[in-house]
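Down below is the structure, laid out as structure tokens.
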Amino acid sequence: DRCARMEGCTRVISWANGNVQAPMMFIGEAPGRLGADRTAIPFHGDKAGDNFEALLSTAGIGRADIFVTNAVMCNPRDESGNNSPPSKKEIENCASNLKKQIDFVQPKIVMTLGAVALSATSSIEDHSLKLKDAVRKKFRWYGRWLLPLYHPGARAMIHRSFANQTSDYYFV
């Protein structure tokens, strides 16, 4: 209700986010229009979801063993109806939701998927991490480990190949 351009979108928070006792939490940017906004399952049903599930599988990580969420719970769209990055205000509007999820799940390690998700975590406990400098490094944050990773979407593959992302998930 706080974000006008997301009104009517699916709020992706349910049993489908995963194991609420998971030691690992993955945080993405926002539900994708063709993925989670349609399926109500984070990182599922679109190319980013396919890549995410392949990366998890390759590294031997099962979805039943993790919790997956986003910096914002709804899909931000542009005037044409396409995916759009959430604004700073939209991320601020959802920061309390993200914090509540982290506090409830109590993961030992939080993996952020992309620069937007990494930036969003600084609203919970301040940090100045930048993705390009922090990928595959662990940082103490909010009483747990924070591990920045690249987003599994096609655009991010330009900056970090699928092969490199695969080795990142083995590192996890």
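The values are calculated or read from the model by the stated rules, or taken from the named source; none is laboratory data. Worth saying up front: this structure is predicted, and the values here are computed from it rather than measured. Glycine also receives a Cβ, built like all others from the backbone with ideal geometry; neighbour counts cover every protein chain displayed. When the accessible area is computed, the model is the full protein with side chains, heavy atoms only, and any ligands, DNA or RNA have been set aside. Shrake-Rupley method; radii C 1.70, N 1.55, O 1.52, S 1.80 Å.
Relative contact order for the stretch 1-48: 36 percent, from Cα pairs under 8 Å spaced at least 6 residues apart, divided by residue count.
Each of Cys9, His44, Ala134 was placed along the dipole of the chain (beta-carbon charges, centred on the mean Cα), and the one lying farthest toward the positive end is Ala134. The rule of thumb for compact globular proteins, 2.2 N^0.38 Å, goes into the C-alpha radius of gyration of the stretch 1-134 0.99 times. Take the chain, connect every pair of alpha-carbon atoms lying under 10 Å apart with a spring to form a Gaussian network, then pick out the residue of Glu90, Glu29, Glu79 with the largest mean-square fluctuation. Of Glu90, Glu29, Glu79, the most mobile in the Gaussian network model is Glu79. Sorting 114-122, 44-52 by their mean Cβ neighbour count within 10 Å, with the most densely packed peptide first, gives 114-122, 44-52.
The mean of 1/r over all pairs of different alpha-carbon atoms in the stretch 127-172, once inverted, gives a Kirkwood hydrodynamic radius of 11.3 Å.
Ligands, DNA and RNA left out, the 1.4 Å accessible surface of the stretch 34-105 is 52% carbon and sulfur atoms.
Taking all protein chains into account, the per residue accessible area for the chain stands at 50 Å² (1.4 Å probe).
Assuming charge only on the beta carbon of Lys and Arg (+1) and of Asp and Glu (-1), the dipole of the chain about its Cα centre is about 360 debye to the nearest 20. Taking every DSSP beta bridge that has both ends in the chain, the antiparallel portion is near 25%.
Annotation for Arg11 and Lys88: the two label points, set 7 Å from Cα along the Cα-Cβ direction, are 2.6 nm apart. Here the relative contact order of the stretch 1-134, from alpha carbon pairs under 8 Å that lie six or more residues apart, stands at 31 percent.
By the beta carbon rule, with partners counted only under 4.7 Å, the chain holds these lone Cys residues: Cys3, Cys94.
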